[in-house]
Protein chains: 2
Amino acid sequence: MRAAVYRGPGEIEIEEVPRPQVESPTDAVIRVTHTAICGSDLWFYRGLSDREVGSRVGHEPMGIVEEVGEAVTSVEPGDRVIAPFAISCGECEFCRKGLYTSCEEEASWGEANGGGQGEYVKTPFADGHLVRVPDRHADDEDTLRSLLPLTDVLGTGHHAAVSAGVDAGDTVVVIGDGAVGLSGVLAAQRLGAERIIAMGHHEDRLALAEDFGATETIAARGETAVERARELTYGGANHVMECVGAGSAMDTAIDVARDGGTIGYVGVPHGVEEAGLDIHGLFRGNVTLQGGVAPVRDYAEELMADVVGGTLDPAPIFTKTVDLDGVPEGYRAMDDREAIKVLVKPWD
Amino acid sequence: MRAAVYRGPGEIEIEEVPRPQVESPTDAVIRVTHTAICGSDLWFYRGLSDREVGSRVGHEPMGIVEEVGEAVTSVEPGDRVIAPFAISCGECEFCRKGLYTSCEEEASWGEANGGGQGEYVKTPFADGHLVRVPDRHADDEDTLRSLLPLTDVLGTGHHAAVSAGVDAGDTVVVIGDGAVGLSGVLAAQRLGAERIIAMGHHEDRLALAEDFGATETIAARGETAVERARELTYGGANHVMECVGAGSAMDTAIDVARDGGTIGYVGVPHGVEEAGLDIHGLFRGNVTLQGGVAPVRDYAEELMADVVGGTLDPAPIFTKTVDLDGVPEGYRAMDDREAIKVLVKPWD
């Protein structure tokens, strides 16, 4: 089969690789119909994080079950399924409490299971990992585009909102106008936030944030952005969602948080490796830092209900669609900020 | 009047200084009968944090109201009162929500209000700041020794427990065997924790931790301590109290926290100025970081009820008592780890 492979910074190639096979009774092989390129893929693409050259990439697959092991009971061949970015067994302590990202099995995409940006992937724990799309929605292309973000970005934005303690009537500042930030705006709006202040620096993305429910936007960075947010919130927000995953954005989040407030964060904190995080601002103001890698499997059913119900639609974050051969161009477009998020259809 | 004055690292002197006076209608002047030296005082004493030479020190006074301004209604001359370490107005947004440490007035000890280690102090907001000790307990020396820690350390330990989400039946790891850690053990025990694992490296202090309710102790640091704690908790604790206030202790807290758990922290995070905090461990495991400078005023009434009721007694943390002239020796004893915490009786 064909799949995207990392060949070094800036180099993604589509190569012929072995197709994952059902080997254990709990396996399922999925023919990937829809997948995506993630903002987090750009870290290795830009050479800012380590990744083994030759490794398969991608972690947001949705598709049709091709084959299952004999122990699998929740899905069968022909079912449309979503595979959240973190593979989960569904049975360990952490999966049982909904913290699927801490699954004790520590299974991951890669050689054995394939990467999300390829023709097929395998999950070693079909029953604990896959989310089945109801048949009546399983072949509607518009619905599928709206469901694909459940594999990662929509659940991640939702995790930021939940971690920030967003509830009905709240005022929240969302930092970041990328796909996660935009999903965060959607999630905050869905949770009933009254004021959603979206902070970023791309006019087009902030316009989309407004479509998604942002009541105010701040197109600025650093001190200027902080001042404006503090002005709009009369001194800081009780709920701040850090949706960038950079040390500078976390500093902004701390500066924007009201004393006693909560920062929900979901981005891999890049740029704090060297400098670390200055937690004095958190300490002085008793600001809580909550969040982490998003257990999107835990949120899939409730978010799916709203997506298929038509009240939640993250599809506009996909501003570019490519086939498998278009994946390298998709990375380039995201790296150059031409595309917010790229949808990949490996079989088109 | 006489008061302790900072004269540079390692140098505390008792000097003649002006006595604070009632100047505004909300002021109260207190004759300090009991006060203490705080672990946080050691930071400037050791030259590890900046402090103006010539400034008055101390922030944990208890005493008798000497004189009040005409607007003061909650206390009158002759009342025994506790003055929490953070001066609070009682009327701003933050005081009203119990976050007294974020009081908008930003009043502090020092020249105008005196330092806690002196014969008199003044609070500019008697009604919003002082906690009155009921008359029936106001002159019992044993009770007063047990109430003095309400000015800071007991409320701080309690804040660590509350911030770590400690509840009945929980397992909690308390990092630090200083006065705050020991108070944290007391607080966790009071909140009903079933297993309290106290971590430190002084046998005598860990023995006191056991008296205070610790069910297990770990006398080690770094990797060894982490391994032992993870072993005792079968992989990490859902509740961790960081009661040291150092970057290395925070690292230990992160390593000891179970995925999905919460770290309650209350120590000024020294040693992270340069290195910052590596939050990757928090991120990967969705570990929440909650706490900050403790709003002990908010906890004073409930803790006082248990102290005067006889079910809560932090007095054993005072292992040395001095008069005002003994304050320099008190600093030395705490710096040399001879004393856990020093009680000061300025008028003895």
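Note on region B:120-157 and region B:160-197: Cα centroid distance 23 Å, given to the nearest whole angstrom. Normalising the average separation of contacting C-alpha pairs (under 8 angstrom, six or more residues apart) by the number of residues puts the relative contact order of region A:154-291 at 25 percent. With Cα atoms as the point set, region B:154-291 shows a radius of gyration and Dmax of 12.9, 38 Å.
Between A:Glu194 and A:Glu301, what is the FRET efficiency for a Förster distance of 41 Å, r being their Cβ-Cβ separation, to the nearest 0.05? Walk me through the numbers before you get to the answer.
Working: r = 26 Å, r/R0 = 0.64.
For A:Glu194 and A:Glu301, the calculated efficiency is 0.95.
Scanning chain A for chymotrypsin sites (Phe, Trp or Tyr not before Pro) lying in DSSP loops with no more than 14 further Cβ atoms inside 10 Å, the longest uninterrupted stretch between such sites is A:1-233. In region A:278-301, which residues become less accessible by 40 Å² or more once every protein chain is in place, relative to the chain on its own, using a 1.4 Å probe? Residues of region A:278-301 that lose at least 40 Å² of accessible area once the other chains are added: A:Ile279, A:His280, A:Phe283, A:Asn286, A:Thr288, A:Leu289, A:Val293.
Carbon and sulfur: what percent of region A:154-291's accessible surface (1.4 Å probe)? The computed percentage sits at 45. Extension gain for A:Ser74-A:Glu11 works out to 18.9 nm (0.36 nm per residue, less the C-alpha to C-alpha distance). If every alpha-carbon in region A:232-304 counts as one equal scatterer, what log10 I(q)/I(0) does Debye give at q = 0.12, 0.22 1/Å? Results for region A:232-304 at q = 0.12, 0.22 Å⁻¹ read -0.35, -0.94.
Using a probe of 1.4 angstrom and keeping all protein chains present, the accessible surface of region B:1-121 works out to 41 square angstrom per residue. Counted as membrane-span-like here are DSSP H helices of chain A whose alpha-carbon atoms extend 30 Å or more along the helix's own axis and whose Kyte-Doolittle mean is 0.0 or above; there are none.
One equal scatterer on each Cα of region B:1-62, no solvent, Debye formula: the resulting log10 I(q)/I(0) at q = 0.24 Å⁻¹ is -1.08. Of all chain B residues, the one whose Cβ lies closest to the rotation axis that maps B onto A, given with that distance rounded to whole Å, is B:Gly276, 1. Treating each Cα of chain A as an identical point scatterer and summing with the Debye formula, the log10 of I(q)/I(0) at q = 0.13 Å⁻¹ comes to -0.96. Leaving ligands and nucleic acids aside, the B/A contact buries around 2800 square angstrom of accessible area in total at a 1.4 Å probe radius.
Starting from 0.36 nm per residue, how many nanometres of slack lie between A:Arg284 and A:Asp325 once their C-alpha separation is accounted for? The partial results should precede the final answer.
Details: separation 41, 0.36 × 41 = 14.76 nm, distance 5.16 nm.
Residue separation times 0.36 nm, minus the Cα-Cα distance, leaves 9.6 nm.
If you count, for every residue in B:99-108, the Cβ atoms of partner chains within 10 Å of its Cβ, what is the mean? The mean count of partner-chain Cβ atoms within 10 Å per residue comes to 2.
So which GluC sites (Glu not before Pro) in region A:173-221 are both in a DSSP loop and have at most 14 other Cβ atoms within 10 Å of their Cβ?
Numbers: sites: A:Glu194, A:Glu203, A:Glu210, A:Glu216; in loops: A:Glu194.
Sparse-neighbourhood loop GluC sites (Glu not before Pro): A:Glu194.
Computed FRET efficiency, Cβ-Cβ of A:Cys92 and B:Thr311, R0 35 Å: what is it to the nearest 0.05? Display every interim value, and only then the final one.
On the way: r = 40 Å, r/R0 = 1.14.
Efficiency, rounded to the nearest 0.05: 0.30.
Computed from label points 7 Å out along Cα-Cβ, the spacing between A:His202 and B:Glu203 is 6.3 nm.
Over the protein assembly as shown, the Kirkwood radius and the radius of gyration, each from Cα atoms, give a ratio Rg/Rh of 1.05.
The values are calculated or read from the model by the stated rules, or taken from the named source; none is laboratory data. The structure displayed is predicted, hence computed values, not measured ones. Cβ sites come from the backbone with ideal geometry, for glycine too, and all protein chains shown count toward neighbours. Areas reflect the complete protein model, heavy atoms only, side chains present, ligands, DNA and RNA absent. Shrake-Rupley method; radii C 1.70, N 1.55, O 1.52, S 1.80 Å.
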